[in-house]
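The values are calculated or read from the model by the stated rules, or taken from the named source; none is laboratory data. These figures come from a predicted structure and were not determined experimentally. Cβ placement follows ideal geometry from the backbone for every residue including glycine, while neighbour counts extend to all protein chains displayed. Please note that ligands, DNA and RNA were not included when accessible areas were found on the heavy atoms of the full protein model with its side chains. Shrake-Rupley method; radii C 1.70, N 1.55, O 1.52, S 1.80 Å.
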Amino acid sequence: MENDHLFAPGHTACTGCGQALGVRLVLKAAGRNVITTDATGCLEVFSSAYPYSAWEVPWIHSLFENSAAVASGIEVALKVTGRLEQIKVIAQGGDGGTADIGLQALSGMFERGHDVLYVCYDNEAYMNTGVQRSGLTPYAARTTTSPPGRLSWGNARPKKDLPAIAAAHHIPYVATASVGYPYDLDKKVKKALSLGGPKYIQLHVPCPLGWAHEAALTIEIAKLAVQTGLYPLFEMENGVLSAVKKIAKPKPVEEYLKLQGRFRHLFQKEGGAEEIKTIQGIADENIQRYRLVG
Ligand SMILES: Cc1ncc(C[n+]2csc(CCOP(=O)(O)OP(=O)(O)O)c2C)c(N)n1
Ligand code: SF4
């Protein structure tokens, strides 16, 4: 990878923030000739503490829900002025800004066929406002709005299948990626930007604060999510699964869960073993569905 820092150090992200690493890798893969948009969220806040900016490329923050809409407008402006060949547009948002509040704008961007790459930094909750659950929070995770207790095991719903929702728009390219696999991410960003039309990449980015894990474990945890089958890495082209990252020997989900405070109750409360079995079932289903082994 070329050593070009388009996301400068000195921002205010927490130590070990997967999202800070993720955006740096995305920009490194994309290169200088991009215009980026950003939803409200941790990335926007930690990259732009006035009067400073970590962005070495044009970057626009507007509202929480409209990163895809702003990017759509930029794409149209570039198209009518004949500059879309030279300049790529990248829209960005957290999982809350993408899967929940920005979903309508995102769907519109896909449907209208804008030549934009949307990157969702999936840290699996609304982190910037204090770790509230989002549509991409995984089953049984503790958040401040899904606290485990006498009657609850944490988040009661499975993770929303946003890549499938994106693929159902029959857009040219959908992929999942992880900061634990930077070369895979690099390849996917470059591939996405080489294709015309709307593209969606959902990037798994551990959050030491919200997941309650040690900052030094960000990469290990990101890798374990993939190696257990809980975060399958795949590509879909024109709505059809086209490639997956194989796992040689899937690891038990406990190895992933036990490193994170957001799952601690599963190891402490009576009956937790059953819940862990349910989570193992989610991983096994992914392994089958995406044929991750073999
Ligand atoms: C319309 C609107 N509702 C709520 C907020 C408050 N708000 C700002 S950032 C944020 C959370 C962002 O979460 P997410 O998109 O998951 O990104 P993260 O901070 O986790 O990276 C919320 C709820 C807002 N700015 N605008
Ligand atoms: S709260 Fe999480 S996502 Fe936000 S800056 Fe800290 S580590 Fe990064």
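Based on Cβ point charges of +1 for Lys and Arg and -1 for Asp and Glu, what charge dipole magnitude is obtained for the range 88-140 about its Cα centre, in debye rounded to the nearest 20?
Once rounded to the nearest 20, the dipole reads 80 debye.
Determine the sum of side-chain charges near Ile247: Lys and Arg each +1, Asp and Glu each -1, restricted to other residues whose C-beta is under 15 angstrom from that of Ile247.
The answer is +3.
Pop out the Kirkwood hydrodynamic radius of the range 122-207 from its pairwise C-alpha distances, inverse of mean 1/r, in Å to one decimal.
14.4
Going by amide H atoms built from the backbone, whose H comes under 5 Å of the H on Thr37, apart from near neighbours?
Residues meeting the criterion, in which the H sits 1.01 Å from N, are Ile60, Ile90, Ala91, Gln92.
Would you be so kind as to identify which of Leu151, Asn128, Ala140 lies farthest towards the positive end of the dipole of the range 110-159, taking Lys and Arg as +1 and Asp and Glu as -1 on Cβ and the Cα centre as origin?
It is Leu151, whose Cα lies furthest towards the positive end.
Could you give the length gained by full extension between Glu85 and Val45, i.e. 0.36 nm per residue of separation minus their alpha carbon distance, to one decimal place?
Result for the pair: 11.3 nm of gain on full extension.
Enter the Cα centre distance for the pair the range 244-292 and the range 1-69, rounded to the nearest angstrom.
31
Please calculate the 1.4 Å probe accessible area of Tyr139, with all protein chains present, and give it to the nearest 10 Å².
50
Would you mind working out the magnitude of the charge dipole of the range 38-151 relative to its Cα centre, with +1 at each Lys and Arg C-beta and -1 at each Asp and Glu C-beta, to the nearest 20 Debye?
Roughly 220 debye for the range 38-151.
What are the principal axis extents of the Cα atoms in the range 137-261, in Å, biggest first?
Result, largest extent first: 50, 28, 26 Å.
Which percent of Cα pairs goes in each bin when the distances of the chain are cut into 10 angstrom slices starting at zero?
7, 30, 37, 21, 5, 1, 0
Taking the Cα centre of the chain as origin and charging only Cβ (+1 Lys, Arg; -1 Asp, Glu), how large is the dipole, in debye to the nearest 20?
Here the size comes out at about 420 debye.
For the chain, what is the calculated [θ] at 222 nm in deg cm²/dmol (nearest 500), taking -39500 (n - 2.57) for each run of four or more DSSP H residues and dividing by its residue count?
When only DSSP H runs of four or more count, the value is -10000 deg cm²/dmol.
How much length, in nm to one decimal, is gained on full extension between Arg150 and Phe267, taken as 0.36 nm per residue of separation minus their Cα-Cα distance?
40.7 nm
When DSSP beta bridges are limited to those with both residues in the range 1-146, what percentage is antiparallel, rounded to the nearest 5?
Around 20 percent of the beta bridges assigned by DSSP in the range 1-146 are antiparallel ones.
Determine the sum of side-chain charges near Leu162: Lys and Arg each +1, Asp and Glu each -1, restricted to other residues whose C-beta is under 11 angstrom from that of Leu162.
-2
With N set to the number of residues, divide the alpha-carbon radius of gyration of the range 5-139 by 2.2 N^0.38 Å and report two decimals.
This ratio for the range 5-139 stands at 1.01.
Using a 1.4 Å probe and ignoring any ligands, DNA or RNA, find the accessible area of Cys120 and quote it in Å² to the nearest 10.
0
Please give me the summed charge of the neighbours of Gln19: other residues whose Cβ is under 12 Å from its Cβ, Lys and Arg +1, Asp and Glu -1.
Result for the local shell: -4.
Based on DSSP, what percent of beta bridges with both residues in the chain are antiparallel, to the nearest 5?
30
Calculate I(q)/I(0) for the range 62-115 by the Debye formula, one identical point scatterer on each C-alpha and no solvent, and give its log10 at q = 0.13, 0.14, 0.25 Å⁻¹ to two decimals.
Reported log10 I(q)/I(0), two decimals: -0.30, -0.35, -0.91.
Given the protein chains as shown and a 1.4 Å probe, how many square angstrom of Thr218 are accessible, to the nearest 10?
Approximately 10 Å² for this residue.
From the mean inverse distance of alpha carbon pairs (Kirkwood) and the Cα radius of gyration, derive Rg over Rh for the range 1-72.
0.94
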